[in-house]
Amino acid sequence: MCWTIAFNTRIVKMNIKEYIASGILELYVAGSLSEKENEEVHDAIQKYPELMAEVIAIEKAIVLLTAATNQGDSYSFDAIKKKISNEPKVIPMQKPKKNFWTYSGWVAAFILGGVLVYTNFQNKQSTTMVAGEKQQLEEQIDRVKNSLSQTEKLLEIFRDKDIISVPLAGQNASPSSYAKVYWDKKTKNIYLDAKGLPTPPKGKVYQIWSLKVTPLTPTSLGTLDNFSADANKIFTIKNSNNSEAFGITLEPAGGSETPNLEQLYALGAVRS
Amino acid sequence: MINQELLILQFQQKDVQAYEKLYNAYCKSIAGVINTIVKNPEVTEEITQDVFLKAWNNAASYSPSKGRFFTWLLNIARNAAIDHTRSKNFKQSKQNQTTDFFVDILETHDDLNSSTNAIGLKDIVYKLGETCKSLIELLYFRGFTQVEASEELNMPLGTIKTKNKICVGQLRSILGL
C-alpha cells in the first residue's frame, strides 16, 4: 500500500503537533471529512497514540455538549432490548467439520493393527530378529499407542458436559477465520481448536487473550509458537482467569504486552 | 479505549449487553442532537429509539476505518431527525416553536431533569463567541460539510477548519478536557 507509507512519512515529517493544530481531528469527529480523509485520519490515530488521545478528548467534549441539549427523561435501554431480543440470535456457527481427531482414533487403531500383523509376519520370517530392530518396532508401537490415548483424551474433553465451549468468530483482520475454545473450569485449562486459522506469516505468532469486559482487561494466555508443526492444531493452555471472552491476535514473534486489535483474527464471548 | 473497541466488536456480533453499554454512553447525546433539530422532547424520544434500532440492524455496515462509532451514530441521528422535519406533521407543529440554536435549548433547559453537566454547559455557551456557537451548531448538530458551513456563515472555506478548532478548543478548556 504505497499511499499509506507515503502518508505516514508525511505525518512524521509535518509533525504530530501541526497535524493536531490543523483542525482535521475536530472535523473527523464531526463527520465532515471525505471518505478518503477519514481513512487517513483513522490510520494516523492508530499509529500515534497522541492523536488518538486528542480525538478521544474532542469526542468527549462533543458528547457532553450534545447530551446537555437533551430535554427528555432519562432513556432506558429496556424498550430497545425488548425489540432487538425478539429477533433470532445469530450465532456464527461453523459447519461441523470432520476434524483430524474425529478419525485419528481409527487411523491409529489401523496402524497399530498393521504394525502387529507386521511384527507377527516378521516373527514368522525369522525368529532370530536383531535386538535393535525389535526395539525400533516397540518404539513405533508405543508412539501409536500414545497417539491413540491422546486422541481418546481429547474426545473425552470435548464430550464432557462441564466444559464450556466458546466459538470464536473471524474478525476484520481475517473474516473467514474461526476457532473454538473448550474451557474446563475445574482443571483451569482451555483447549483451543485452531484449525480454522491460516498459517501465520514468518516472524508472526498467534497470541491468545483472556478478556474481562468491565473494565476491559486483556490477559495474555501465551503464544502458539509451534503452530505450523502441530498436526491437529489443538492446544492446551492454562487459564485461571475469570474470562468473559477470548480473542486471538497476530503479533510479532515472542508476543506482545497488549493485543493489537487491528490484527484481531477471532473473538468470542463466553455465554453465561 | 480498547474497552470501547471491544464493545463495538461485540455489538457487531449482536451482543445485547455490549450494546446496552454503548447505548448508555451515547443515548443522551444522540437525543440532544435530535432534539436540537426537531425541538420536541416526545418526538425526540421516538426518533432516538428508531436510531438505536437502526444502528443495531445495520451493525455490520459500521467499520472503524470510516470514522468514529459516535460519529456514525450522529449521522444516523441527524438523517432521521431531518427526515422527520420534512414530514407534514412537523411542518404544522413547527409554527409554535421559538428556539433555534442548541444554545437556546441550553438556556431554556429545565434544570429538574437535566444532567449536572447542563448547568455548567450553560455558562460555557455564554462564553463562546457568536461565530463559535453557529459553527458548532452547524458542524456537530446539523452535520454540515465545510462547504455548506462556509456558505451558511459567509466565511471563507479555508478558515472553517481552523476556526472550528479554536471553538472546540474553547469548549474543551472550559470542560477541562
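The values are calculated or read from the model by the stated rules, or taken from the named source; none is laboratory data. All values derive from a computational prediction rather than experimental measurement. Note that we place each Cβ from the backbone using ideal geometry, even for glycine, and neighbour counts take in every protein chain shown.
Kindly indicate which of A:Ala57, A:Ala53 is surrounded by fewer than 20 Cβ atoms within 10 Å (Cβ to Cβ), more than 7 Å from every other protein chain (Cβ to nearest Cβ) and at pLDDT 90 or above. Show your work before the answer.
On the way: A:Ala57 fails: more than 7 Å from every other protein chain (Cβ to nearest Cβ).
Sole residue among the options that is surrounded by fewer than 20 Cβ atoms within 10 Å (Cβ to Cβ), more than 7 Å from every other protein chain (Cβ to nearest Cβ) and at pLDDT 90 or above: A:Ala53.
Looking only at helices (runs of 4 or more DSSP H) that lie completely in segment B:1-62, which have at least 2 residues being more than 26 Å from A:Gln46 (Cα to Cα) and more than 7 Å from chain A (Cβ to nearest Cβ)?
Of the helices (runs of 4 or more DSSP H) lying wholly inside segment B:1-62, those with at least 2 residues that are more than 26 Å from A:Gln46 (Cα to Cα) and more than 7 Å from chain A (Cβ to nearest Cβ) span B:16-38, B:41-57.
Before we move on, is A:Ser240 crowded, with 21+ Cβ neighbours inside 10 Å and not basic (Lys, Arg)?
Details: crowded, with 21+ Cβ neighbours inside 10 Å: no; not basic (Lys, Arg): yes.
Taking the combined requirement at face value, the residue does not satisfy it.
Tell me, yes or no, whether segment B:79-101 has at least one residue that is closer than 17 Å to B:Ile136 by Cα, in a helix (DSSP H, G or I) and modelled with pLDDT of 65 or more.
Here is the first cut: in segment B:79-101, the ones closer than 17 Å to B:Ile136 by Cα are B:99-101.
Now restrict to residues that are in a helix (DSSP H, G or I): none.
So far as segment B:79-101 goes, no, none of its residues is closer than 17 Å to B:Ile136 by Cα, in a helix (DSSP H, G or I) and modelled with pLDDT of 65 or more.
Out of A:Lys212, A:Lys188, which single residue is closer than 26 Å to B:Val16 by Cβ and out of contact with any Leu (no Cβ under 6 Å at 6 or more places or on another chain)? Steps first, answer last, please.
Details: A:Lys188 fails: closer than 26 Å to B:Val16 by Cβ.
When all the criteria are applied, what remains is A:Lys212.
For segment B:127-158, which positions are loosely packed, with under 14 Cβ neighbours inside 10 Å and assigned to a helix (DSSP H, G or I)? Quick ask: steps written out before the conclusion?
Within segment B:127-158, the first condition is being loosely packed, with under 14 Cβ neighbours inside 10 Å, and the residues that meet it are B:127, B:129-130, B:147, B:151, B:154, B:156-158.
Passing the criteria: B:Lys127, B:Glu130, B:Val147, B:Glu151, B:Leu157, B:Gly158.
Considering each residue of segment A:27-84, count those that are under 18 Å from B:Ile160 (Cβ atoms), not in a helix (DSSP H, G or I) and not hydroxyl-bearing (Ser, Thr, Tyr), and give that number.
The number of residues fulfilling the criteria is 2.
Could you tell me whether segment B:52-64 includes any residue that is surrounded by 16 or more Cβ atoms within 10 Å (Cβ to Cβ), touching a His at 6+ places or on another chain (Cβ under 8 Å) and under 27 Å from A:Ile24 (Cα atoms)?
Yes: one or more hits.
Would you point out which residue out of A:Gly196, A:Gly203 is surrounded by fewer than 16 Cβ atoms within 10 Å (Cβ to Cβ), in contact with a strand residue (DSSP E or B) (Cβ under 7 Å, 6 or more places away or on another chain) and over 15 Å from A:Asn241 (Cβ atoms)?
Details: A:Gly196 fails: surrounded by fewer than 16 Cβ atoms within 10 Å (Cβ to Cβ).
Result of the check over A:Gly196, A:Gly203: A:Gly203.
Going by the conditions given, is A:Asn70 in contact with a Gly (Cβ under 8 Å, 6 or more places away or on another chain), of a type outside the set (Ser, Thr, Tyr) and at pLDDT 90 or above?
Working: in contact with a Gly (Cβ under 8 Å, 6 or more places away or on another chain): yes; of a type outside the set (Ser, Thr, Tyr): yes; at pLDDT 90 or above: no.
For A:Asn70, the condition - in contact with a Gly (Cβ under 8 Å, 6 or more places away or on another chain), of a type outside the set (Ser, Thr, Tyr) and at pLDDT 90 or above - is not met.
Answer with yes or no whether A:Val181 is under 15 Å from the mean Cα position of the chain (by Cα), among the aliphatic types (A, V, I, L, M), at pLDDT 90 or above and closer than 24 Å to B:Leu7 by Cβ. Write out each step before concluding.
Numbers: under 15 Å from the mean Cα position of the chain (by Cα): yes; among the aliphatic types (A, V, I, L, M): yes; at pLDDT 90 or above: yes; closer than 24 Å to B:Leu7 by Cβ: yes.
The answer is yes for A:Val181.
Taking only pairs six or more apart or across chains, which ones have beta-carbon atoms under 9 Å, a first residue in segment B:164-177 that is in contact (Cβ under 8 Å) with a residue 24 or more places away in the chain and not assigned by TED's automatic domain parsing to the domain that holds B:Leu139, and a second residue that is aliphatic (A, V, I, L, M) and crowded, with 16+ Cβ neighbours inside 10 Å?
Short answer, once both residue conditions are applied: none.
Is it the case, given these coordinates, that A:Glu257 is over 28 Å from B:Val16 (Cα atoms) and assigned to a strand (DSSP E or B)?
On the way: over 28 Å from B:Val16 (Cα atoms): yes; assigned to a strand (DSSP E or B): no.
For A:Glu257, the condition - over 28 Å from B:Val16 (Cα atoms) and assigned to a strand (DSSP E or B) - is not met.
So, in segment B:122-162, of the ones that are among the hydroxyl-bearing types (Ser, Thr, Tyr) and more than 9 Å from chain A (Cβ to nearest Cβ), which residue ends up nearest to B:Ile34 (Cα to Cα)? Let's see the steps before the verdict.
Our first condition is that a residue be among the hydroxyl-bearing types (Ser, Thr, Tyr); within segment B:122-162, this holds for B:126, B:131, B:134, B:140, B:145, B:150, B:159, B:162.
Add one more test, that the residue is more than 9 Å from chain A (Cβ to nearest Cβ), and what stays is B:126, B:131, B:134, B:150, B:159.
On the way: B:Tyr126: 22, B:Thr131: 22, B:Ser134: 17, B:Ser150: 23, B:Thr159: 27 Å.
Within segment B:122-162, the match that is nearest to B:Ile34 (Cα to Cα) is B:Ser134.
Output the number of residues of segment A:17-33 satisfying the condition of being under 35 Å from the mean Cα position of the chain (by Cα) and more than 18 Å from B:Phe141 (Cα to Cα).
Residues meeting the conditions: 2.
Can you pull out every residue in segment B:23-70 that is among the hydrophobic types (A, V, I, L, M, F, W, C) and more than 23 Å from A:Ala57 (Cβ to Cβ)? Talk me through it step by step, then tell me what you get.
We begin by selecting, within segment B:23-70, every residue among the hydrophobic types (A, V, I, L, M, F, W, C); these are B:25, B:27, B:30-31, B:33-34, B:37-38, B:43, B:47, B:51-53, B:55-56, B:59-60, B:69-70.
Hits for segment B:23-70 are B:Ile34, B:Ile37, B:Val38, B:Val43, B:Ile47, B:Val51, B:Phe52, B:Leu53, B:Ala55, B:Trp56, B:Ala59, B:Ala60.
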